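First up is the structure itself, then whatever we jot down about it.
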Amino acid sequence: MSAAQAVEAVFRIESARIIASVARVVRDVGIAEEIAQDALVAALEQWPRTGVPDRPGAWLMTTAKHRAIDLVRRKETYARKLAEVGRSLQDVPPPAEPADPEDIDDDLLRLIFTSCHSVLATESRIALTLRLVGGLTTQEIARAFLTSEATVAQRIVRAKRALAKAGVPFEVPYGADRDARLSSVLEVIYLVFNEGYAATAGDDLVRPALCEDALRLARVLAALMPEEPEAHGLAALLEFQASRIATRTGPAGEPVLLADQNRARWNRLLIHRGARALGRAGSGPYSVQAAIAGCHAAAVRYEDTDWSSIATLYGRLVQLVPSPVVELNRAVAVSMAEGPAAALPLVDGLAREPALRAYHLLPSVRGDLLERLGRTEEARAEFERAASLTRNAQERTLLLTRAARL
């Protein structure tokens, strides 16, 4: 791996922590992101000459913090903040904040709650947090939202300006303000995990670091709000999903379908944690999705999967959060419970949905149903169309392989 590749890889992993740490100093997430990018540029300039440091993440963090402190020093109006963080110049940790029974000593979670402030529209909150915390590109966020890159880019720019203009404090809120922002925070964590679980673009199907960050934040949030059923529902869902990560790809990084995964390698500890969290969940959207994931986790063999229960749960989920993507998932469950002929009309009915026009899983699912019905020529065309729509190299290879087989 070259120095430039090392820089990009490390920055992808560490960028959220760097931005969160710097934001605590400068109190502006937009400026914090710019400083983090400055540290990236510095690494790209120096590492090819000096070599990759032993602790590359710490190098980037230190560089960014020093630049943040330099910025604070240059602004007289930030003299008080400089006094508070000045000890960082000698690499001495800053004094601990006063303990509070509701406080979370986690800069990443502070960053999420700040990005989800009520001065922003819901979609802007999610897009900004995915950008800052997940380190996702505008293209990846657009894919998650099923919208255009230009729209996402505008949302992010406007969101950063709005936070700066409103002087939003970099903190975890309390009371009613926290409750009001919880739904956005839950959705952000969910989308960050999903991007790690099935990357929308690039050469890798799975990005475990994103999944680990999302899972950790979901656990912290559930501990923070023990009486909030949906926080436990989200934690349960991510525990169940994370239990299968090691089996989702083969030796060369190729996707392994659920039916072909080695269930003996599923992480039983995470499944146990998921079941325990599900016991404290409620009846909201994340809790229902967790129950669906729990059905898969309970099946010792793929053939033992309770597809009828899963189809029923997806029907309940459609009522809670009407969405063409959820309808597509329900159609898959119906096909397994009642056969492909029962599901094909449901999938065909979704073909007119504008949000699914460029969604590669729609032709992929239709291709699978047609193959099972023996309509191989039509199935091949659907797999090829799905391959042309996906931006993930591993998914594209799998879809083209299935098409070639037919």
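The values are calculated or read from the model by the stated rules, or taken from the named source; none is laboratory data. From a predicted model like this one, the values you see are computed outputs, not experimental measurements. Here the Cβ is made from the backbone with ideal geometry for all residues, glycine too, and neighbour counts use every protein chain on show. Areas reflect the complete protein model, heavy atoms only, side chains present, ligands, DNA and RNA absent. Shrake-Rupley method; radii C 1.70, N 1.55, O 1.52, S 1.80 Å.
Residue under question is THR114, and the condition is that it be modelled with pLDDT under 85 and either open to solvent by 10 Å² or more (accessible area, probe 1.4 Å) or of a type outside the set (Gly, Ala, Ser) (or both); does it hold? Steps first, answer last, please.
On the way: modelled with pLDDT under 85: no; either open to solvent by 10 Å² or more (accessible area, probe 1.4 Å) or of a type outside the set (Gly, Ala, Ser) (or both): yes.
Taking the combined requirement at face value, the residue does not satisfy it.
So if I check each of ARG316, ARG352, which one is open to solvent by 20 Å² or more (accessible area, probe 1.4 Å), among the basic types (Lys, Arg), outside any helix (DSSP H, G or I) and more than 29 Å from ASN262 (Cβ to Cβ)? Outline the logic, then answer.
Values: ARG316 fails: outside any helix (DSSP H, G or I).
Result of the check over ARG316, ARG352: ARG352.
For segment 127-160, give me each residue that is among the β-branched types (Val, Ile, Thr), farther than 22 Å from VAL25 by Cα and crowded, with 22+ Cβ neighbours inside 10 Å.
Initial filter on segment 127-160 (among the β-branched types (Val, Ile, Thr)): 129, 133, 137-138, 141, 147, 151-152, 156-157.
Next, from what is left, pick out any that are farther than 22 Å from VAL25 by Cα: 137-138, 141, 147, 151-152.
Selection gives ILE141, VAL152.
Would you pick out the residues in segment 319-342 that are under 21 Å from ALA236 (Cβ atoms) and part of a loop (DSSP other than H, G, I, E, B)?
VAL321, SER323
Can we say ALA223 is farther than 27 Å from LEU399 by Cα, hydrophobic (A, V, I, L, M, F, W, C) and open to solvent by 20 Å² or more (accessible area, probe 1.4 Å)?
Values: farther than 27 Å from LEU399 by Cα: yes; hydrophobic (A, V, I, L, M, F, W, C): yes; open to solvent by 20 Å² or more (accessible area, probe 1.4 Å): yes.
The answer is yes for ALA223.
Any residue that is modelled with pLDDT of 95 or more and β-branched (Val, Ile, Thr) - is there at least one of those in segment 383-390?
No - not one qualifying residue is present in segment 383-390.
I'd like to check which helices (runs of 4 or more DSSP H) are fully inside segment 128-241 and have at least 1 residues that are out of contact with any Gly (no Cβ under 8 Å at 6 or more places or on another chain) and within 30 Å of ILE271 (Cα to Cα).
Working: elements: 138-145, 149-166, 175-197, 208-224.
Hits in segment 128-241: 138-145, 175-197, 208-224.
Anything in segment 284-305 that is out of contact with any Asp or Glu (no Cβ under 6 Å at 6 or more places or on another chain) and among the hydrophobic types (A, V, I, L, M, F, W, C)? List them, or say none. Talk me through it step by step, then tell me what you get.
Kept after step one, since they are out of contact with any Asp or Glu (no Cβ under 6 Å at 6 or more places or on another chain), are these residues of segment 284-305: 285, 287-294, 296-305.
Within segment 284-305, VAL288, ALA290, ALA291, ILE292, ALA293, ALA297, ALA298, ALA299, VAL300 qualify.
One residue is enough: does segment 161-173 have a residue meeting the conditions small (Gly, Ala, Ser) and open to solvent by less than 20 Å² (accessible area, probe 1.4 Å)?
So in segment 161-173, the residues small (Gly, Ala, Ser) come out as 162, 164, 166-167.
Pick out the ones that are also open to solvent by less than 20 Å² (accessible area, probe 1.4 Å) and you get none.
No, because not a single residue in segment 161-173 is small (Gly, Ala, Ser) and open to solvent by less than 20 Å² (accessible area, probe 1.4 Å).
Quick one: in segment 276-313, which of the residues that are open to solvent by less than 20 Å² (accessible area, probe 1.4 Å) and touching a Gly at 6+ places or on another chain (Cβ under 9 Å) is farthest from ARG244 (Cα to Cα)?
GLY284
Yes/no matrix, rows are residues, columns are (1) without any contact (Cβ under 8 Å) to a residue 24 or more places away in the chain; (2) in a helix (DSSP H, G or I); (3) open to solvent by 20 Å² or more (accessible area, probe 1.4 Å):
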| site | (1), (2), (3) |
| --- | --- |
| GLN5 | yes, yes, yes |
| PHE11 | no, yes, yes |
| GLU14 | no, yes, yes |
| ALA20 | no, yes, no |
| ILE31 | no, yes, yes |
| ALA36 | no, yes, no |
| VAL41 | yes, yes, yes |
| GLU45 | yes, yes, yes |
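Name the one entry in LEU237, LEU217 that is buried (at least 18 other Cβ atoms within 10 Å of the Cβ) and modelled with pLDDT of 95 or more. Quick ask: steps written out before the conclusion?
Values: LEU217 fails: modelled with pLDDT of 95 or more.
The match here is LEU237.
Report, ordered by the first and then the second residue, all pairs with beta carbons closer than 8 Å, sequence separation of six or more or different chains, a first member in segment 212-227 that is over 11 Å from ALA242 (Cα atoms), and a second member that is part of a loop (DSSP other than H, G, I, E, B) and open to solvent by less than 80 Å² (accessible area, probe 1.4 Å).
Hits for this filter: ASP213/VAL133; ASP213/GLY134; LEU217/ASP106; VAL220/ILE104; VAL220/ASP106; ALA222/GLU228; LEU224/ILE104.
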